[in-house]
Amino acid sequence: MACSSAPADLLSDLANFVLEVKFLYDFSNVRVMAEQRLDKMPKEWRELLHSRRPREILEALEGKQPMDGPGDFFARRNALLDRIAHLLVPPPASPAEALPRRTWKGMSPKKVQEVEALASLVHRVCSDSGTSAVVDAGCGLAHLERALDPSLRVLAVEANAGHCSGAARRLAGSGVCQTKVFHDVFDVEEEALPLKVSESLGPEKVVLVGLHCCGDLAPTLLRVLAKDSRLAAAVLVPCCYHRTKSQSNIVMSDKGREVMCNDGEVPFSYPALRLACQEPLETWMDMSDEELHERARFQGFRAVLEDFCQSQELTLTKRKRRCVRKSGVQSPEVYAEEVLEAYEFRTEEGGGQSCEECDFKRKLSNALQSQVDRGFLEVLLNLTILQLSLQRLLEYVIILDRCLFASENKLSVQLFELFEAKVSPRNKVVVCSRD
């Protein structure tokens, strides 16, 4: 990958494509009515959203039926996905033997799949790099440590002290030999990590590992690897791009800045980064029509509620984390009832409820029913499907930029999709190593 122009060309084409249709996703769907986002879209896109059924759009995206989209959207999007597929390295073979049952006690099936596959890959990278020393950055509850080859010496670091103590307890109950696993409460920073590695693992070459590196963690580990020749390789599964705090970690490579930052500003906002780590579109393709319309009611009713409160000069405050239950979107009337239980409403001046409950429910129910009758819920569902059709492209803009950063720093790069996407949506694994 380091010696090929294909990743750079693909990054350029991906970035140009997703930025060309930025108006489809560069906002929160909760605010789609309040900010009149649909009205601001180009006419040909409004016509597409209003004239097609959700299943038709899904089948066009899946390649089952042709559809004329604005600017050849469907054909161009599917062609870019084909180019991504050709760039990927075939994933390594799965482990020959499954982990013993006691090893994965307390893990979900998703986590078992991830740690088995990643532990096998880490062992291979360590063997190729001639080292037995590993740093698991952001180790969480030490699921990976329970699956790693016992010959490896592991420094498992975690910023959350509660997770670190929990990891030690879980390792103790798993039957895994712990004499070569060193735990430390440590918030990974670019300048401090090499010293911590030397103190714990000595002068031996080290492989950095991160399973679901949230936000700035994956870029930080890449920068550490690029700077410190004592580090042999990195095996990284990035996620939670919207939690990236440093703008320099959103676009890292020289090529990325050349393509995407013409005015010096990073072009991807929070909604774009949030979309990049959503569930894959394939999940929605498997849904029944009723499941799709249930999703439409969840999103559509919430957008109507946001617009209604704005028109009434009310602010919403959640009373609980999960506001409306699945059964709460059966009808506008039921939703209005649930909303009164789930939220506290205040006037913009800070006062309490601005109207009687019965009056509020009646007005909100009417507003919801009006939008149902106008077909807004199906339009929003179509928009959501189109947004999710860009999820994979946006994620690969971020991933390829990081791969190019590694290549620009004289590192060899391999890119896998290591896990089954429907089970583990964040399944992209970047392996960087010194030649």
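The values are calculated or read from the model by the stated rules, or taken from the named source; none is laboratory data. All values reported here derive from a predicted model rather than from experimental measurement. Virtual Cβ from ideal backbone geometry, glycine too; neighbours counted across all protein chains shown.
In segment 396-435, which residue that is charged (D, E, K, R) and part of a strand (DSSP E or B) is farthest from the chain's Cα centre (by Cα)? Reasoning before the result, please.
The initial filter retains those residues of segment 396-435 that are charged (D, E, K, R), namely 401-402, 408, 410, 417, 420, 422, 426, 428, 434-435.
Adding the requirement that they be part of a strand (DSSP E or B) leaves 417, 428, 434.
On the way: 417: 14, 428: 10, 434: 28 Å.
It comes out as 434.
What number of residues within segment 140-160 satisfy the criterion of being buried (at least 24 other Cβ atoms within 10 Å of the Cβ), free of Cβ contacts under 8 Å to residues at least 60 places away in the same chain and in a loop (DSSP other than H, G, I, E, B)?
5
Of everything in segment 188-220, what is in contact with a Leu (Cβ under 8 Å, 6 or more places away or on another chain), outside any loop (DSSP other than H, G, I, E, B) and charged (D, E, K, R)? Give them in sequence order.
Of everything in segment 188-220, just one residue is in contact with a Leu (Cβ under 8 Å, 6 or more places away or on another chain), outside any loop (DSSP other than H, G, I, E, B) and charged (D, E, K, R), namely 196.
Between a first residue in segment 233-245 that is of a type in the set (A, V, I, L, M) and a second residue that is surrounded by fewer than 22 Cβ atoms within 10 Å (Cβ to Cβ) and not in a helix (DSSP H, G or I), which pairs have beta carbons less than 6 Å apart while being 6 or more apart in sequence or on different chains?
What qualifies is 233/433; 237/212.
Please enumerate the residues belonging to segment 396-420 that are closer than 14 Å to residue 212 by Cα and out of contact with any Leu (no Cβ under 8 Å at 6 or more places or on another chain).
Within segment 396-420, 419 is the sole residue that qualifies.
Out of all the residues in segment 226-242, which are surrounded by 23 or more Cβ atoms within 10 Å (Cβ to Cβ) and under 15 Å from residue 192 (Cβ atoms)?
Selection gives 231 alone.
Listed residues 208, 275, 236; which is in contact with a His (Cβ under 9 Å, 6 or more places away or on another chain), at negative phi, modelled with pLDDT of 90 or more and not basic (Lys, Arg)?
Working: 208 fails: in contact with a His (Cβ under 9 Å, 6 or more places away or on another chain); 236 fails: in contact with a His (Cβ under 9 Å, 6 or more places away or on another chain).
Answer to the check: 275.
Among the numbered criteria (1) of a type in the set (A, V, I, L, M, F, W, C); (2) out of contact with any Lys or Arg (no Cβ under 7 Å at 6 or more places or on another chain); (3) buried (at least 21 other Cβ atoms within 10 Å of the Cβ), which one does residue 285 miss?
Failing condition for residue 285: (3).
Any residue at all in segment 374-395 that's crowded, with 21+ Cβ neighbours inside 10 Å, in contact (Cβ under 8 Å) with a residue 12 or more places away in the chain and touching a strand residue (DSSP E or B) at 6+ places or on another chain (Cβ under 8 Å)?
Scanning segment 374-395, I find at least one residue that is crowded, with 21+ Cβ neighbours inside 10 Å, in contact (Cβ under 8 Å) with a residue 12 or more places away in the chain and touching a strand residue (DSSP E or B) at 6+ places or on another chain (Cβ under 8 Å), so the answer is yes.
Can you tell me which residues in segment 258-268 are on the phi < 0 side of the Ramachandran plot, of a type outside the set (Asp, Glu) and either surrounded by fewer than 16 Cβ atoms within 10 Å (Cβ to Cβ) or in contact with a strand residue (DSSP E or B) (Cβ under 7 Å, 6 or more places away or on another chain) (or both)? Spell out how you get there, then give the answer.
So in segment 258-268, the residues on the phi < 0 side of the Ramachandran plot come out as 258-263, 265-268.
In the following step, the residues that additionally are of a type outside the set (Asp, Glu) were identified as 259-262, 266-268.
Within segment 258-268, 261, 262 qualify.
Only one of 74, 17 is under 23 Å from the mean Cα position of the chain (by Cα), of a type in the set (A, V, I, L, M, F, W, C) and closer than 26 Å to residue 254 by Cα; which? Write out each step before concluding.
On the way: 74 fails: closer than 26 Å to residue 254 by Cα.
None of the other options fit; the residue is 17.
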